[in-house]
Amino acid sequence: MVTTYERQPSPLLRDHISCYSLREIDTEGADLLKPLCANDETFLAFWLTKTPVLYATGKGVSQVDVRARHLFGLQSRFNGYQTFNGKHRFFGVQFKSNGFYSIFGIPMHHLKNNLLHGDDVIGDHVRFLEEQLCEAATMEEMVQLADAFFTPVMLRHGIPNGQRQIAAACHIIRQGRYNSIPGIAGYVNMSIRSFEQKFVEQVGITPVAFARIKRFHQAVEMKLKTPEQSWTSIAASCSYFDQMHLIKDFKVFAGATPKAFFQHLPPPPEHFVKEEV
């Protein structure tokens, strides 16, 4: 059972952070596999319990050090699995596609397809935020602590050049209005060369790769909402050339065919509790 409580950050941070989340997991003695599929957003995790987590990649299986403030960079491909067993609790910060870059100014290709110790990227002062989160009694307190940590960093660095244009481009692609690189570059009033360079710098991948990942997630969400719908129909609805095109993307982004992914390694079911400000 996975219960996720979500809360928006303060208005000053909403252009950079999608949401804060508190996840409570109880596997009731069984192993819970979470596929690490391709994802266009960066995630920072603060472990509030010290139950071990296994992390399996092509390099083998290793036990994650839950004392670390884990930073999941953008994932441009399938990168293995996390295995949970027992009771787990962690506070997460979900950054928008170019939100981490906007706050910290770190080129995102350094984070792509990596699981990093947050201290190595942000600085060891982030451990004080974890200590405060562990002592917080409510989700409201956690949100206030996170806002108090990220807001001064954002204000100190300022808004980087082109951030708003790239954020607008990501929104266009996310809404399914992607047509061509020249078209989006023109819409956000940037040259094609500058647009592509800043997109890779701020997001970590090209606009074309970003659009592929968003289309993959659209297909997954469609199947979750309407399980009876055929993959042929979903492929057509998501603008794939055909079902084989969809299968090819699933193998890259989910590590399996669509059928195998949903039969043997489905995404863990989550009960979401969204709290409005």
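Every number here is computed from the coordinates shown, using simple stated rules; none is lab data. This one's a predicted model, so the numbers in the text were calculated from it and none came from an experiment. FYI the Cβ positions are ideal-geometry reconstructions off the backbone, even for glycines, and counts take in every protein chain you see.
Structure notes:
- Span per principal axis, largest first, for the Cα atoms of the chain (Å): 51, 46, 38
- Segment Glu140-Glu228, length gained on full extension (0.36 nm per residue, minus Cα span): 27.8 nm
- Screening the chain for whole DSSP H helices of 18 Å or more along their axis (Cα) with average Kyte-Doolittle hydropathy at least -1.0 returns 139-157, 207-225.
- FRET efficiency for Thr49 and Asn114, using Cβ-Cβ distance with R0 set to 30 Å, rounded to 0.05: 0.80
- Calculated FRET efficiency for the pair Val208/Arg164, C-beta based, R₀ 22 Å, to 0.05: 0.55
- Relative contact order %, the chain, counting alpha carbon pairs below 8 Å whose residues are six or more apart: 24 percent
- The chain: antiparallel DSSP beta bridges as a percent of all, rounded to 5: 85 percent
- The chain, helix-only ellipticity at 222 nm - DSSP H runs n ≥ 4, -39,500 (n - 2.57), divided by all residues, nearest 500: -12500 deg cm²/dmol
- Among the trypsin sites (Lys or Arg not before Pro) in region 116-194, those placed in a DSSP loop whose Cβ has at most 12 other Cβ atoms within 10 Å are Arg177.
- Net charge over other residues, Cβ less than 10 angstrom from the Cβ of Gly92 (K, R count +1; D, E count -1): 0
- Shape class of region 1-143 from the Cα gyration tensor (axes a ≥ b ≥ c, square roots of the eigenvalues): oblate, since a/c reaches 1.5 or more and a/b does not exceed b/c.
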